[in-house]
Amino acid sequence: MVVGAFPMAKLFYLGIRQVSKPLANRIKEAARRSEFFKTYICLPPAQLYHWVEMRTKMRIMGFRGTAIKPLNEEAAAELGAELLGEATIFIVGGGCLVLEYWRHQTQQRNKEEEQKAAWNALQDEVGRLALALETLQAQAQAMPSLSALEELRAELREVRTQVCNEHSTPKCQVASSKK
């Protein structure tokens, strides 16, 4: 999914954000032309925005309780269309952020699952190796030690030499030549 060092998902989200700007401009134009859109979608948020903005400015300047006149319909429609366009861009950008966060969380979850699976495989391997080690240790303890075998061989040689010295036979001479 990576082309060079630039992820395709980020390129896709950037494209969506760039497309949202002309979409916002079209929404603005539709708001200016349609009476229903203008009256019920654009004017109420614009009047509310104007009222909050003016109320804040008046309080900052020290005027309290002053009545605020509403915007005329043309200015309110323009401001409402502008607010709607900005809200569209903001919503698309926020949606892209949410999608990117979701994608990152999914990748992180997959990575953690892979690490957990690798960890479990390593634990199983360690357990298997521990059993093999115990088996080998049991086999090693069951076998006579190397020094005991060497002692038995040395005793066997001594017995052979004693027997051969007492009985000088051709078999003894052949056995002594094999040493």
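If R₀ is 45 angstrom, what is the calculated FRET efficiency for the pair T106 and M61, using the beta carbon separation as r and rounding to 0.05?
Calculated value: 0.30.
Kindly give Rg over Rh for the chain, based on alpha-carbon atoms, with the Kirkwood expression for the hydrodynamic radius.
Here Rg/Rh amounts to 1.76.
Using the Cα centre as the reference, give the magnitude of the dipole from point charges on the C-beta atoms of the chain (Lys, Arg: +1; Asp, Glu: -1; all else neutral), rounded to the nearest 20 debye.
680
Once you have the Cα-Cα distance between A138 and L156, take 0.36 nm times their residue separation minus that, and quote the gain in nm to one decimal.
3.6 nm
Estimate the FRET efficiency between R33 and M54 by the formula 1/(1 + (r/R0)^6), using the beta-carbon distance for r and 25 Å for R0, to the nearest 0.05.
Efficiency computed from Cβ-Cβ geometry: 0.35.
Computed over the Cα atoms of region 100-141, what is the ratio Rg over Rh, Rh following Kirkwood?
Reported Rg/Rh (Cα atoms, Kirkwood Rh): 1.44.
At a probe size of 1.4 Å, how large is the accessible area of Y40, to the nearest 10 Å²?
Roughly 150 Å² of Y40 is accessible to a 1.4 Å probe.
Taking each pair of different alpha-carbon atoms in region 14-84 once, compute 1/r for the pair, average those values, and report the inverse of that mean as the Kirkwood hydrodynamic radius in Å to one decimal.
13.3
Please report, in whole Å³, the volume per residue of the convex hull around the C-alpha atoms of region 61-122.
Hull volume normalised by residue count: 144 Å³.
Applying a 10 Å radius around every beta-carbon, put 58-64, 75-81, 26-32 in order of their mean neighbour count, most first.
Peptide ranking by packing, descending: 75-81, 26-32, 58-64.
How far apart, in nanometres, would the label points at N120 and A87 be if each is projected 7 angstrom from Cα along the Cα-to-Cβ direction?
Once both label points are built, they end up 4.8 nm from each other.
The values are calculated or read from the model by the stated rules, or taken from the named source; none is laboratory data. Note that this is a predicted model, so its numbers are computed, not measured. Note that we place each Cβ from the backbone using ideal geometry, even for glycine, and neighbour counts take in every protein chain shown. Only protein heavy atoms, including side chains, enter the accessible area calculation; ligands, DNA and RNA are left aside. Shrake-Rupley method; radii C 1.70, N 1.55, O 1.52, S 1.80 Å.
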